[in-house]
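Okay, structure first, notes after.
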Amino acid sequence: MKIQTTRSSMPDFEEYIAMIKPLWESRHLTNMGQYHERLEEMLKGYLEVPNASLMVNGHMALELTIQAMNFPAGSEVITTPFTFVSTTHAIVRNGLQPVFCDVKEGNYTIDESKIEDLITEKTVAILPVHIYGHICSVDKIQEIAYKYGLKVIYDAAHAFGERYKGVGVGNFGNASIFSFHATKVFHTIEGGISCFQERELYETLYNLKNFGIRSEELTVSIGANAKMDEFHAAMGICNLKHIDDEIKKRKRIFEAYHGLLGEEKGICLLPYEKDLVPNYAYCPALLTGSYDRDKVYEVLRAHDVYPRKYFYPLTADMACFKNKYKQQPLEVARECSAKVLCFPIYPDLPLGEVERICHIIKETKNGRQGVAAKTDN
Ligand SMILES: *Cc1c(COP(=O)(O)O)cnc(C)c1O
């Protein structure tokens with residue numbers, strides 16, 4: 001059996017079928033139907049946020065949330081290059097300039113002590129990422145934002161359901177977006193949501209996700225199409241019922257890795273931040289010393305285990321962004337990107353498989369096992 005880094009959670013087949021059956025009667029398949037409304041409300045409750053707008057995917061949630069803030073063209077947004085490319089795309093596709101800030105050794109999030117150096121009169125916002133569900137220094141980032149009059153938009157794609165100091169993580173900054181892609185902790189196959197503090201943004205985002213159409217003959221603004229349809233919303237309603245169990249199962253896997261590899265020199269598994277209730281979305285490790293990231297990657301693949309080099313390369317180094325935007329030396333980010341590997345973690349990954357994976361990893365040390373070991377199992 002191939003073991004991928006993630007495997008989508010699914011509700012019972014019958015549960016989903018029962019959910020979508022009424023759609024054959026109603027024929028109300030999209031355009032803010034019942035399930036869209038119900039899921040949006042359920043998620044506001046689960047995430048404990050005051051306002052939220054459901055979207056077709058996480059990327060559009062981010063892109064439209066930035067657009068809704070109406071920044072002058074060419075403005076600068078301070079962000080992290082250690083992320084999925086969507087974060088940087090969303091800035092550039094809005095006609096804004098990403099300015100790449102380094103990350104912290106401690107948890108891979110934006111290094112808040114390096115943000116102020118990058119602020120110019122063109123800076124309008126900070127766009128940090130709660131990478132792997134590790135929480136950014138939200139208090140310090142907010143302080144900087146107040147001091148310079150900047151907006152803060154969090155890419156919280158990895159942080160679904162997390163709580164920090166007793167608060168749902170979607171409450172930090174001016175807005176936070178979550179992704180409900182099939183590979184994420186909670187999913188709607190494809191989907192996402194924007195959560196925000198300012199109530200007026202709801203109308204703006206509604207217009208942006210539905211062509212600016214308010215009624216049959218009234219189109220008030222220019223908008224895209226980024227609505228979630230009823231089948232995806234139905235999947236979300238089913239999956240949300242099981243999310244707490246799914247996160248509990250992830251916790252067991254996460255702890256198994258930490259138990260088996262935590263003491264191993266050269267394998268650095270970072271603990272979550274104090275005061276964070278995590279979602280165990282990923283199990284990243286920095287491989288150093290006698291462990292070589294690329295070798296561990298190859299050897300695991302030879303055993304039909306497919307870890308991922310999330311996030312390599314840095315977005316700042318990708319062909320479409322390289323040498324185009326202002327950046328710091330990015331020493332820590334580059335180091336993390338070169339050494340990190342994300343191990344498989346999903347709710348129904350058997351603990352026996354985690355043991356086998358950890359055994360294979362340990363065997364790679366000092367060249368004890370090469371790619372040639374393919375036929376071993
Ligand atoms: C998944 C992800 C996104 C985009 O989400 P989609 O739902 O796939 O569009 C954005 N940012 C990060 C960090 C992600 O991991």
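Before moving on, here are some points about what is shown:
- Each Lys or Arg adds one and each Asp or Glu subtracts one; over the other residues with Cβ under 11 Å from the Cβ of V103, this totals -3.
- Each Lys or Arg adds one and each Asp or Glu takes one away; over the other residues whose Cβ falls under 13 Å from the Cβ of V77, this sums to +1.
- With N the number of residues in the range 189-248, Rg(Cα) / (2.2 N^0.38 Å) evaluates to 1.43.
- Around the amide H of Q4, modelled in the peptide plane, lie the amide H atoms of Y306, all under 5 Å away and 5 or more residues distant in sequence or on another chain.
- Theoretical FRET efficiency, 1/(1+(r/R0)^6), r = Cβ-Cβ of D348 and C320, R0 22 Å, to 0.05: 0.05
- Sorted from greatest to least, the principal axis extents spanned by the alpha carbons of the chain come out as 71, 56, 38 Å.
- For the range 239-377, the square roots of the Cα gyration tensor eigenvalues, ordered a ≥ b ≥ c, give a/c of at least 1.5 with a/b no greater than b/c, which places it in the oblate category.
- Where a label projected 7 Å from the Cα of E331 along Cα→Cβ would reach, residues of the range 242-272 with amide N under 20 Å: none
- The range 107-228, Cα convex hull volume normalised per residue, Å³: 129
- The chain: antiparallel DSSP beta bridges as a percent of all, rounded to 5: 60
- The spread of Cα positions in the range 215-283, taken along each principal axis and listed from longest to shortest, comes to 66, 26, 22 Å.
- Convex hull projection area averaged over all views, the range 29-173, Cα basis, nm²: 8.9
- Principal axes of the range 187-301: Cα extent on each, largest first, Å: 67, 31, 30
- Calculated from backbone phi, Karplus (6.51, -1.76, 1.60) coupling profile of the range 105-113 in Hz, x at Gly/Pro: 4, x, 8, 6, 8, 3, 7, 5, 6
Laboratory data are not the source of any read-out in this text; all were calculated from the coordinates shown. In this text the structure is predicted, and so the values were computed from the model without any measurement. When we count neighbours, we look across all protein chains shown, and the Cβ atoms used for this are built from the backbone with ideal geometry, even at glycine.
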